[in-house]
Amino acid sequence: MEILQNLHSYFAYVVLAILILAVFNAITGWLGKREFTMHKDLRVSLFAMILTHMQLLIGLILYFISDNGLKAVQALGMGGLNSAARLLAVEHPFTNILAVALITIGWSRHKKKNESSAKFKSIAIFYGLGLLLILSRIPWGQWLG
């Protein structure tokens, strides 16, 4: 289980980097009125979505096998969790599921658009919201400490 926790922690850096790149790329493409290309723009956005899904899958596995996830809620009940335990057992997983759903919606919406500006806008907004949600629920105390 420690290997999986380390993978989830260190892989998060990769996911954040590619997600920030995808959001930055979409915002600059949208505001710069660039043409959406299959070579760069599609790949960056798709790679960001795939990596966030992989990270979510690792996180869900951890949620069900770790003492900090479902087992903590079952043992202590929702009222028995302190703020740090609640972050790991409830807020972090729920918010990140929501974030990955937004990223997926952004990807799906961009595919239905014909104009480059609309494609970039969809990715910028939905991936950006997903990124903000992810950043808001990272257990910074454990991650940096």
Quiz item: Per-residue HN-Hα couplings for the range 14-22, Karplus 6.51 cos²θ - 1.76 cosθ + 1.60 at θ = phi - 60°, whole Hz, x for Gly and Pro?
Solution: 5, 4, 4, 4, 6, 5, 4, 4, 5
Quiz item: Hey, which lysines would be in cross-link range of K113, C-alpha to C-alpha under 19 Å, not counting anything within fewer than 8 residues on its own chain?
Solution: K33, K40, K121
Quiz prompt | Ranked list, fewest to most other Cβ atoms within 10 Å of each Cβ, for L51, L21 | solution = L21, L51
Practice problem: Compute the Cα gyration tensor for the range 38-120, then decide on rounded, prolate or oblate, letting a ≥ b ≥ c be the square roots of its eigenvalues: rounded whenever a/c is under 1.5, prolate when a/b is larger than b/c in the other cases, and oblate in all that remain. | Solution: prolate
Exercise. Rank the residues F64, F120, F11 as a footprinting-exposure proxy: fewest other Cβ atoms within 10 Å of their Cβ go first.
Key: F64, F11, F120
Exercise. Give the order of T104, T52, T28 when sorted by the count of other beta carbons within 10 angstrom, beginning with the fewest.
Key: T28, T104, T52
Self-check item: Other-chain or far-sequence residues with amide H under 5 Å of F36's (modelled H)
Solution: S116
Quiz item: When the helices in the chain are scored as -39500 (n - 2.57) per DSSP H run of 4 or longer and the sum is shared across all residues, what 222 nm value do you end up with, to the nearest 500 deg cm²/dmol?
Solution: -25500 deg cm²/dmol
Self-check item: Helix axis angle, 43-65 relative to the chain longest principal axis, alpha carbon, degrees
Solution: 10
Quiz prompt | Potential lengthening between S108 and Y10 on full extension [0.36 nm per residue; Cα-Cα distance subtracted] | solution = 32.5 nm
Quiz item: Any idea what angle helix 116-136 forms with the longest principal axis of the chain, computed on alpha-carbon atoms, 0 to 90 degrees, nearest 10?
Solution: 20
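Read-outs: derived from the displayed coordinates by stated rules, not from any lab. Since we're looking at a predicted model, the values are computed, not measured. Note that we place each Cβ from the backbone using ideal geometry, even for glycine, and neighbour counts take in every protein chain shown.
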